[in-house]
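Participant: Please see the structure below; I have some questions.
Read the figures in this text as sums done on the coordinates, not as results from a lab. Treat the numbers as computed from the prediction; the structure is a model and nothing was measured. Here Cβ is always computed from backbone atoms with ideal geometry, including for glycine, and neighbour counts include all displayed protein chains.
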Amino acid sequence: MNSESGENWKKIIAFVETNFNKKPDMNALLFLIGMRELGNIPENNFKKDDKVSLMHIAICKILSYSGHYELKGKDDEGWPHWELVKQMPNMNTFEQETYIREHVIEYFLAEEII
C-alpha cells in the first residue's frame with residue numbers, strides 16, 4: 001500500500017469513528033458498504049443471514065471496480081444480485097486483505113465519502 005492509500009485508509013477509519021463512535025474493522029466497513037448499497041434499511045434489526053448478505057453485497061460492489069463482479073439487477077425486495085465474471089487471483093491472506101482494503105478505499109473515493 002502506498003502512502004496515498006495509507007492516508008486515505010486513515011481518513012476512512014476517522015470518518016467511521018466520527019460518525020459511528022467506533023473504530024471499524026474490515027467486517028464493519030463491509031457491513032456499512034452493504035447497507036449503503038442496499039439503500040432500503042428495514043425498521044428492525046438485520047438477522048445474521050442478512051448481515052452476511054450485506055457483506056456479500058459489499059464485496060461484490062467493491063470488486064466490481066476490478067471487473068470481478070457485474071450487477072445483474074435487484075430482486076423484489078430491492079436486494080442487489082451480482083454475478084462473478086472474473087475469478088480473483090490466487091493470493092495469500094495478507095495479499096487478500098490488501099486487495100480488499102484497496103477496493104474499500106476506491107469505493108469511499110468513488111462515492112465521494114472521503
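Participant: What FRET efficiency would be calculated for the residue pair residue 70, residue 1, taking the C-beta separation as r and a Förster radius of 22 Å, to the nearest 0.05?
Facilitator: 0.25
Participant: Rounded to the nearest 20 debye, what is the charge dipole size of region 3-110 about its Cα centre when +1 sits on each Lys and Arg Cβ and -1 on each Asp and Glu Cβ?
Facilitator: On the way: 13 positive and 17 negative charges, 43 e Å.
It comes to approximately 200 debye.
Participant: Given N residues in region 1-41, what is its alpha carbon radius of gyration divided by 2.2 N^0.38 Å?
Facilitator: Ratio of Rg to 2.2 N^0.38 Å for region 1-41: 1.27.
Participant: Counting each pair of different Cα atoms once, what's the Kirkwood radius of the chain in Å, rounded to one decimal?
Facilitator: It is 14.9 Å.
Participant: Let me ask another. In nanometres, what is the gap between the two model label sites at residue 21 and residue 93, each 7 Å from Cα along Cα-to-Cβ?
Facilitator: If labels sit at residue 21 and residue 93, their model points lie 3.3 nm apart.
Participant: If amide hydrogens are placed 1.01 Å from N in the peptide plane, which non-local residues have theirs closer than 5 Å to the one on residue 82?
Facilitator: When sequence neighbours closer than 5 places are left aside, the close amide H contacts are 72.
Participant: Follow-up. Mind checking which helices in the chain clear 27 Å along their axis (Cα) and have mean Kyte-Doolittle hydropathy of 1.0 or more, DSSP H runs only? Display every interim value, and only then the final one.
Facilitator: Details: long enough: none.
Span-like helices in the chain: none at all.
Participant: To the nearest Å, what is the center-to-center distance of region 17-34 and region 74-111, using C-alpha atoms only?
Facilitator: Cα centroid of region 17-34 versus Cα centroid of region 74-111: 16 Å apart.
Participant: Where does each of 69, 107 land when they are ranked from fewest to most other beta-carbon atoms within 10 angstrom?
Facilitator: Final ranking by Cβ density, sparse to dense: 69, 107.
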